[in-house]
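Reviewing the structure listed below.
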Amino acid sequence: MSSTDASADAVTVPVHPGRSGFGGDNEDTLDLRLPDELIALIAGEAAQGLVPVEDRPAPVEDRFDCPDDDLLDRVGDWGPFVTPVGPFQLVPVRLDRDLSLISRWMNDPAVAAFWELAGSHAQTEEHVRAQLNGDGRSVPCVGVLDGTPMSYWEIYRADLDPLARHYPARPHDTGVHLLIGGVADRGRGLGSALLRAVADLVLDRRPACGRVVAEPDLRNTPSMAAFLNAGFRYAAEVDLPAKRAALMIRDRSLRDLM
């Protein structure tokens, strides 16, 4: 999920709603429920004293989910933080304020080649609104560097996204999509610096999250290089509905080593 810009600071491309997306009622949403037969079997064994009640496994949805209003530990409250390239903040999108800017970025040919959202404001609005009206598993944000909006981010629960069908997801895995908006901001290391800073911010603000993941398009070598420079490791190739991607992971346990 990345831009075609020749720099390593481009874009990560989302799997769009309808193909794999983020919305609340998407029919492609991952079903994490244990089979009724297994639940009944566990309950029966507990009733017979074979399995202590406190040892029964929680349903998968309970182990993966936070409360519906807090699936991402309140991204909007994470506040500004210092990065090597200046003070930075993830500001949740407000359509009345941000739609025109995001739509302009999406119509940059380097971005459009991978995000596939070039066109009218309405197309961008549909993509963003699906997240804003969803259940909170994805939060679209504008990245503000030194007081200037310069990037678009999606912070999402990878373990609750259809992406989890394509790799061995762990509870609270958190995904990142990024595009750098202005051409002048590409090709000078901003993408790598901000990816590292945001990944570390996710790990700091989400104690239950052990890994930050991303899935840039394999064709976008500059984006893959940006993730590697940001301390992510290449884990695997994955076939997603819209692309063949590189699964990139930043591990909490390795964050001080990479």
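Each reported figure results from applying straightforward, stated rules to the coordinates on display, with no laboratory input. What you see is a predicted model, and the numbers here were worked out from it, not measured in a lab. Ideal geometry is used to build each Cβ from the backbone, glycine not excepted, and the neighbour counts take in all protein chains shown.
A protection proxy built from the mean count of other Cβ atoms within 10 Å ranks the segments 232-242, 120-130, most packed first, as 120-130, 232-242. Taking Lys and Arg as +1 and Asp and Glu as -1, the other residues whose beta-carbon sits under 13 Å from that of L254 total +3.
For region 86-195, the alpha carbon convex hull comes to 119 Å³ per residue, rounded to a whole number. Charged side chains reduced to their Cβ positions (Lys and Arg at +1, Asp and Glu at -1) give region 191-256 a dipole of some 100 debye around its Cα centre. In this structure, the amide hydrogen of L218, modeled 1.01 Å from its nitrogen in the peptide plane, lies closer than 5 angstrom to those of R244, A245, A246, counting only residues at least 5 positions away or on a different chain.
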